[in-house]
Amino acid sequence: MRTTRLLLRSGLTLAAAAALPAWLAGPSDAVSGISVSTTGTTVSVVTSACTQSNGSWGNASLLNSSQASFAQGRQVALSGTTVSQSAAWSGVSPGTYTVVVVCSNGGTAGTQSVIVSAAPAVPAPPTTSSTNRPAAPARGVMGGLGGAARDYGPLTLGIGAALVGTGVIATGWYLRKRSKPYRL
């Protein structure tokens, strides 16, 4: 009976440890194969799913809500390297758009919707000037929970999750062993 309970607990602990890396990795943008972002009236897309064929990586198309096919949208050729390819559209008016990336081999790298907001109003310059004020940082603070400044691959995340899981299991085992009365 005691052995059965011990095996059951060990099995549940191992199952939880096996599920931990997938849970820690969270949702992945790799499902769509593209990453779309906006800055003011510029929309840009980045992918690493395409390979170069006949000197071309492929094309990206920006479709508004009334356009239904890739050919109807504003098309831009992808440029980049074997690591990542990108395209950008400037002067995009506010609204909801769909970005579609088709690689040179004919396969779709991904589709993603994006909302372009109206450009913010330009603030008026200050009426008084002071030369004693320190200059504001150019890029701001790159804060976050570790992965915000750099994108780590699934292997690195898996190894880190396995180490965390091993630590949790070892801590549980140690505390359980400490809670038992000493036997002489």
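The table below gives the values:
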quantity: TYR174 - accessible surface, heavy atoms, 1.4 Å probe, Å² rounded to 10; calculated: 120 Å²
quantity: FRET efficiency, 1/(1 + (r/R0)^6) with R0 25 Å, evaluated for ALA162 and THR81 via beta carbons; calculated: 0.20
quantity: Computed accessible area, LEU155, all protein chains, 1.4 angstrom probe, square angstrom; calculated: 130 Å²
quantity: Between region 36-67 and region 72-88, the alpha-carbon center distance in angstrom; calculated: 5 Å
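The values are calculated or read from the model by the stated rules, or taken from the named source; none is laboratory data. Nothing here was measured: the structure is a model prediction, and the numbers come from that model. Here the Cβ is made from the backbone with ideal geometry for all residues, glycine too, and neighbour counts use every protein chain on show. When the accessible area is computed, the model is the full protein with side chains, heavy atoms only, and any ligands, DNA or RNA have been set aside. Shrake-Rupley method; radii C 1.70, N 1.55, O 1.52, S 1.80 Å.
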